[in-house]
1. Quick one: in the range 318-349, which of the residues that are farther than 13 Å from A283 by Cα and either out of contact with any helix residue (DSSP H, G or I) (no Cβ under 8 Å at 6 or more places or on another chain) or outside any helix (DSSP H, G or I) (or both) is most open to solvent (accessible area, probe 1.4 Å)?
2. What do you reckon, is V67 open to solvent by 10 Å² or more (accessible area, probe 1.4 Å), in contact (Cβ under 8 Å) with a residue 60 or more places away in the chain and touching a Phe, Trp or Tyr at 6+ places or on another chain (Cβ under 9 Å)?
3. Looking at L92, L87, which one is crowded, with 23+ Cβ neighbours inside 10 Å and within 10 Å of the ligand (Cβ to nearest atom)?
4. Any chance the range 553-568 includes a residue that's touching a Lys or Arg at 6+ places or on another chain (Cβ under 8 Å), at pLDDT 85 or above, among the aliphatic types (A, V, I, L, M) and closer than 28 Å to I22 by Cα?
5. Residues of the range 481-510 being at pLDDT below 95 and among the hydroxyl-bearing types (S, T, Y), which ones?
6. What do you reckon, is P47 outside any loop (DSSP other than H, G, I, E, B) and surrounded by 20 or more Cβ atoms within 10 Å (Cβ to Cβ)?
7. Is it the case, given these coordinates, that I506 is open to solvent by 20 Å² or more (accessible area, probe 1.4 Å), in a helix (DSSP H, G or I) and either aliphatic (A, V, I, L, M) or touching a Cys at 6+ places or on another chain (Cβ under 8 Å) (or both)?
8. Contact list please: Cβ distance under 9 Å, first residue in the range 41-56 and away from the ligand (no atom under 15 Å from the Cβ), second residue of a type in the set (K, R), pairs at least six apart or on different chains.
Amino acid sequence: MQSEEIRRRFIEFFKKRDHAVIPSASLVPQDDPSVLFTTAGMQPLVPYLLGAPHPKGRRLVGVQKCVRTQDIEEVGDNTHDTFFEMLGNWSLGDPKSPDGIGQGYFKEDAIRWSYEFLTAHKDKGGLGLDSERLYITVFGGNDNAQRDDESAEIWQKLGISKERIFFLEDNWWSPGESGPCGPDSEMFYDVTDKGLGELSHEEFVVADERQMLVEVWNDVFMEYEKKDGKVVGKLVQKNVDTGAGLERLAMVMQGKNNIFDTDLFNPVTQYIQKNSKKYEEKAARIIADHIRTSIFLVADGVFPSNKDRGYILRRLIRRASVYAQKIDITISDLNTIAMMYGEQYKNTYPEVFDVSGGENEIIVELKKFQETLVKGLKKFEEGIDPFILATTYGFPIELTKELVKERGAGIDEEQFNQEMKKHQELSRKGAEGKFKGGLADTDPKTVMLHTATHLMLAGLRKYLGDHVHQAGSNITPERTRFDFTHPEKVSQEILNKVEAYVNEAIQKNASIEMEKIPKQQAKENGVEGSFWEKYPDEVNVYKVVAPDGIIYSQELCGGPHVRNTGEIKGIFKITKEEASSSGVRRIKAVLE
Ligand code: SER
């Protein structure tokens, strides 16, 4: 079964079960300070998992583009990649509180539907996988919560024997150090020729490590909240967050033991094999993966640079380039590969097709790096310290080691390991994010101040004029720091009026409504926003509407916000107004 058909079936299956379809969000998260990239299907849904009502209801289904680079060194084995598509279905909220927009569900339905989709006959809309090849893990219990016997029982009721269900302590999923989280149940599929049959706990762990088993789906029962790495209690609602990696499902559906032989990669890996004069499988896989991730990142507006997202993109392109040199693949071949991906994803992700042709960003970066590489290699031949290659000439550090070994030169292992650690930390940081702007966390106080900041911007525009736009923000539980375009000092009188405007909206118990509308329509409606060109054709607009019908604010945003201004505790107070940079003023404000 082709991957396009797997996507289609997944969406259809859940649509039939009353799920509304949501489109993939950008790989660059909007207003989420905790990550550089969208790393899971649930990430754009965090505000709704925390309790904000989703405009499409409680049951959602979609396919989300994701990038995870913490395992970049593993790419080249059978199952790791840095870009993947995550098929997911979600339930937001308590199953027992129907509110007219579809009811939520929890463990029983989530597990049953996962099982049905995987194993139902192809004629019945499923994937028709062999239930005898399925192995299940459930949460084994720890200080945060007790062992999840309930999920194990549900699996047994569906016909999975006790011997195929393993309790693991680390079956707990969270997107990072803070946010919604909970125990999970994972589904593994046996991809060996003969079939593994009954496995002991230890044998299961080994089979997983050796990639004889592949995790194809994860059902997370998100009812807990984590702060700074610690589980602090239950969320206001119970949620279901599931994720099935398309690449891995394609692998098992197409009878392959690795993702690179599936239709998602195969045309490219074949092309590399045909055109390489010194073919090596691992290098071909790395090139295929890195160019694919790079073109998706470029399509979502990331540019190679020395910082944050741009650094990760640059590293991917440089690694691809070095491996390409190794197996004699030219820049023009890499260009062809980028274009092949453009064609391949044309219908599902037209934005990739749009950037993949001609002299795209990847090619520009590759050419720049080519010059660096030639200079660097020359220096290397002259015996220059290999670490200077890495630090000055931007050679990926792990490849410097290979190069040194290949040429029979010695290497200071200790120095090398130190340097390697530094780079790994940078990659990890990349995944965790390190933003100066946006919301510092999803603490209820930060969320209150976020909504108040929207009101403040609306107030500033009301009293100063339409030239005022957001130029930056940084919101913590203690205060909001907000930069906006305005040429001169704001008088105390205006600041008082802005404060009064915000406090009036707070006192009126205004509701916060989110709607997804075409960008053009939002512009015509006078919705406030900066960087319009960066947003997709459909945008999220957050409105603050009082019971008397007055709209206090309408602004482009990804949330999270309070549901009602009545939830904002305290009086809004501007504590400082000062210059930030030329033509930009800065306000600090608190809720007292
Ligand atoms: N968020 C979970 C994961 O990424 C399930 O989708 O595995």
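The values are calculated or read from the model by the stated rules, or taken from the named source; none is laboratory data. What you are looking at is a predicted structure, and each value in this text was computed from that prediction instead of being measured. We place every Cβ from the backbone using ideal geometry, glycine too, and count neighbours over all the protein chains shown. These accessible areas exclude ligands, DNA and RNA; they are computed on the full protein's heavy atoms, side chains included. Shrake-Rupley method; radii C 1.70, N 1.55, O 1.52, S 1.80 Å.
1. N347
2. Against the criterion (open to solvent by 10 Å² or more (accessible area, probe 1.4 Å), in contact (Cβ under 8 Å) with a residue 60 or more places away in the chain and touching a Phe, Trp or Tyr at 6+ places or on another chain (Cβ under 9 Å)), V67 does not qualify.
3. L87
4. Among the residues of the range 553-568, not one is touching a Lys or Arg at 6+ places or on another chain (Cβ under 8 Å), at pLDDT 85 or above, among the aliphatic types (A, V, I, L, M) and closer than 28 Å to I22 by Cα, which makes the answer no.
5. Selection gives T485 alone.
6. yes
7. No: the conditions fail for I506.
8. Taking only residues 6 or more apart or on different chains, the pairs are G51/R563; A52/R563; P53/R563; P55/K516; K56/K516.
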